[in-house]
Amino acid sequence: MQYTNFMNQAFEEINQHYTKNETLGKYLVPSKSKLSINEIETIVSKIKIVKFDCDIAGVDSGFVSKRLSFLDILLIKIGAVIFSYNDSKLTKAEYFKPTLFPEPILLKNGLENDEEEQSKGIERLKKEITTSIELIIEKKPKYLFIDGSIIPQYQNKPRSDSKIKDDYESIIDLFQKLYKTSEENNCTLISTVEDSRGNRFKEVLIDSLKLNEEQLKFASDSSILDYILINGERTCFFNYSKNIEKHSILKEYTKDWSNNIYVFYLKASNYDKALRIEFIAKKDIKEKANEIASIVYQLSSLHKDYSYPSILIEADMRARLTNEEIEIVFNKLIDKIGPKLNLRRGNRPFK
Amino acid sequence: MDEKQLGTVVSNFDGPSPSRVDFVINNGMIHKGMFVEIPYSQGNMICMVEDLIKTNRYFERPDSVKTIGSEMENHFPVADWEFLIAKTRPLGIFSENKQIQRPTFPPSPGTKVFIAEGENIKRFLGIDEKGLMLGEIPFHNVNLKPKLSKLLQKHLAILATSGAGKSFLTSVIIEEILQRQKEDGQIALLLFDVHNEYSFFGEGVTDNKYTDYSSKTKIINGKDIKFKCSSITPSVLSSIFPKITHIQKREILNIINKLKQEMKSGAGPFDLNKIKNEVLNLDEKTANPLIAMLNEVEQLNLFEKIEKPSIYDFLKQGQLTIINLNDIMDERKKQIIVALVSRKLFNLRQDNYSKIPPFTLIVEEAHNFIPESTAGERAIAREPLTTIAREGRKFGASLVVISQRPKRLSSSILANCNTQIILRITNPYDLDHIKQTSEGLDSTSINMIPSLKVGDALIVGEAVNAPTFFKVRLKKSQNSKHEFTLEDLAKRFNEKEEIVNKDTEAYL
């Protein structure tokens, strides 16, 4: 009975959500290519495909962690890939500093639960961004794809009195170093978010079209865009944040960067959700957005049910780690130090 | 070991374990059935490649493969993700000075894997330079030369579907035995040729590209074979007439013994009529059925006063004797010839080693002579051949049984054949029967049998230390002049018919 009620309630909520989005879609679709919200672009435009001949890089990381009695081990593996293209076709794949084994890291002692999780994310970002910087300097790709957001996320940010505050600040510096390095090397940074729950596009719509905020309370950008975008279209670009001064991450950036981070969505397959793209541009933003949309579309529109840049699919596969890999490291430690390192639950002599 | 590393042992769900070692190929080529070597704590581990699997993460999901199709290569480095995994079965471990040991401990993941060196394969399989050259182990350039005694002393079974190369392989084995020198040890061969497939051994060669074995071959037509009447023992009668009673057996034994005694006393050899006359002296109840049996025996036209040829003339060291049973239509007569010849030869080896040389009996269509079921007249030869299979080893009497229907072949015989050479077999019942009766065969090897090409064979058992696939060497002897294709037979029929028609027209 309990489950029946839950299912009915969930179904009702989801249905309402879809209905609202559908209503908004019906309202917007007829004029989506005419209405303008940033005075430069219409809400939706068709992506213009331009063939490309260049090197494109992608960086991703995989990690697994293991909790021990008084410390945690983290294994990080970076997948850094450079694809060379001719007439938009892959001609060569190269791997930047390929490593067979993941790098083991001992996390700090005495962290609170929330800090432990943040620390893992920070360590991972450190490796990812450092590698990206090195790759740009050494390989000079025309585009570098980052898996995930182009800035650190809220969940990476520790409390003001946290033991890992310094680590976090170093990440902020590293990200800005990455932007600078890419600018200096004429490399366009593109970040794609596989499963975005962003609401910024909704905010833009509400503000510019004076929509009823309450009606769209539970909608996210991607759920709204499911009713607006069709394959081969992108949204207009918009600022990463409505209020940069108050944005908990961007406010720690220098204005040189925080004011120039943009977002748009594009649809690269018939049956997948819209893909969130983030990029940095100081001028000719529309042209840059068009250029990026063309590249991302061509790299992502391979499957009717799934759209994600092929370079990041490959980077993800190169970075993928399994629990067995951390078990090997863990077992070697246990061999040397003894079972006391294990959590009590791991030593339970019963099933 | 070959200096070039072939691959590296991987750790996966199946191993490495003492019974399974998988490795990823780093460079070079590998094939199913190849031998590889892995450096091991106690020496070198020899493994056989049982299967090869190519993996590629990009092609794991059929929906993606179908959707992206040929565009995959334009967008992903698919070739970089292709891995060739070899699944191997450790066969044993050997070092310079030690005997071959069973693997009891796995090699470590990450251990290098090498193609096994030819010399090591020979040493591992127990190949003898003076052994019988049966063919070549593919991909290793190693000749498969099992030692004569290991191949034959504890009997050999050759099993294959029709047309897979049984007779070809048998010819190769015969050639090898006939070519042996005295100092290497020569044995005598006796072949029961049911379909006249081997008479070419006895025929002169006109084309000098073939080796002439006619001087080492003697062909006896089954129709000409006569056994002496003293051979009609109760056991012979009971194998021909399974329902013979104990009293009847006792009486016939008494009569034969009496006649033998008279023969030794100077009365000379006796014939069937003499036996019948003695039988008629018995009471009617015993005599009548015995007379009926003897009449039947008489109709076989197999028993006379004197045996022809003498059993002592059947065998000669380094010689092949072919008993051609092709012209005998009566199945029972064939059975009796095989049974009596086999029994007599075995008895002679048992009685006194010097009377006849050590021999190997080659029994074609063995499932007819040694069937699994005891079906009356079809199993007359079963008992003597089974006796040889069971006890022949110590007397230098061995068997080569050849069959295309292993399922119908006695499982006791198959189990006693310590070496089996299996060519292509597709019948699942036959494969199952082989699996149940062969200790050395694993399911992977069994699964490979149906896909063997004509001339490819798997040898398993005493002759080699591990199941080994090999390609049967080419024959040196000439091809049979008595084997015709269906087209040839049709043409010959036409020619004969035309001659008859012409003769008829001429007569009219």
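Here are a few things to note about the model shown:
- Averaged over peptide A:302-310, the number of partner chain Cβ atoms lying within 10 Å of each residue's Cβ comes to 4.
- Contact order normalised by residue count of chain A, Cα under 8 Å, 6+ apart, percent: 22
- When the listed pairs A:Lys108/A:Lys140; A:Lys127/A:Lys180; B:Lys226/B:Lys355; A:Lys142/A:Lys286; A:Lys97/A:Lys340; B:Lys145/B:Lys218 are checked against a 24 Å cut-off, the alpha-carbon distance exceeds it for A:Lys108/A:Lys140; A:Lys97/A:Lys340; B:Lys145/B:Lys218.
- In terms of accessible area, using a 1.4 Å probe and ignoring ligands and nucleic acids, A:Thr4, B:Thr217 rank largest first as A:Thr4, B:Thr217.
- Among the GluC sites (Glu not before Pro) in segment B:283-353, none is located in a DSSP loop while being surrounded by at most 16 other Cβ atoms within 10 Å of its own Cβ.
- With DNA, RNA and ligands ignored, accessible area of A:Asp221 (1.4 Å probe; Å², nearest 10): 0
- Given charges at beta-carbon only (K, R positive; D, E negative), |dipole| of segment A:236-343 in Debye: 380
- Of A:Lys26/A:Lys273; A:Lys202/A:Lys283; B:Lys4/B:Lys453; A:Lys120/A:Lys255, those spanning more than 23 Å from alpha-carbon to alpha-carbon: A:Lys202/A:Lys283; B:Lys4/B:Lys453; A:Lys120/A:Lys255
- Mean-position separation - Cα centroids, segment B:161-180 and segment A:286-339, in angstrom: 59
- Cα gyration tensor, segment B:209-275 - rounded (a/c under 1.5), prolate or oblate: oblate
- Tail weight of P(r) past 18 Å, computed on alpha-carbon pairs of segment A:72-205, percent: 62
- When the P(r) of segment B:308-365 is calculated, the portion above 19 Å amounts to 30% of the C-alpha pairs.
- Most positive-pole-ward Cα, B:Ser477, A:Gly232, A:Thr131, against dipole of the protein assembly as shown from beta carbon charges: B:Ser477
- Fraction of alpha-carbon pairs over 46 Å apart in the protein assembly as shown - percent: 53
- The phi torsions of segment A:56-72, fed into the Karplus equation with coefficients 6.51, -1.76 and 1.60 and a -60° offset, translate into couplings of 10, 10, x, 10, 9, 9, x, 8, 9, 10, 9, 8, 10, 5, 9, 7, 10 Hz, rounded to whole numbers, with Gly and Pro shown as x.
- Relative contact order for segment B:81-201, counting Cα pairs under 8 Å that sit 6 or more residues apart, in percent: 14
- Each distinct pair of alpha carbons in segment B:36-130 adds a 1/r term; the inverse of their mean, the Kirkwood radius, is 16.1 Å.
- Coil-residue GluC sites (Glu not before Pro) of segment B:22-87, DSSP, other Cβ within 10 Å capped at 16: B:Glu60, B:Glu82
- Taken residue by residue and averaged, Cβ atoms of other chains lying within 10 Å of the Cβ of B:391-404 number 0.
- Shape call, segment B:370-432: gyration tensor on alpha carbons, a/c limit 1.5: oblate
- Relative contact order, whole percent, for chain B stands at 18, derived from Cα pairs under 8 Å and 6 or more residues apart.
- With Cα atoms defining each centre, segment A:175-253 and segment A:43-60 are spaced 18 Å apart in the structure.
- In terms of Cα atoms, the Rg and Dmax of segment A:1-61 work out to 20.7, 60 Å.
- Loop-resident sites, segment A:213-267, for chymotrypsin sites (Phe, Trp or Tyr not before Pro), counting at most 15 other Cβ within 10 Å (DSSP): A:Phe218
- Each residue of segment B:439-454 is assigned a 3J(HN,Hα), and the resulting list reads 5, x, 8, 9, 5, 5, 4, 4, 5, 7, 4, x, 9, 5, 7, 4 Hz, derived from the Karplus form 6.51 cos²θ - 1.76 cosθ + 1.60 (θ = phi - 60°), x at Gly and Pro.
- Protein accessible area in chain A, 1.4 Å probe - carbon and sulfur %: 51
The values are calculated or read from the model by the stated rules, or taken from the named source; none is laboratory data. Computed from a predicted structure; not experimentally measured. Counting neighbours? That spans all protein chains shown, and the Cβs are built from the backbone with ideal geometry, glycine included. We work out accessible area using only protein heavy atoms, side chains counted, and drop any ligands, DNA or RNA first. Shrake-Rupley method; radii C 1.70, N 1.55, O 1.52, S 1.80 Å.
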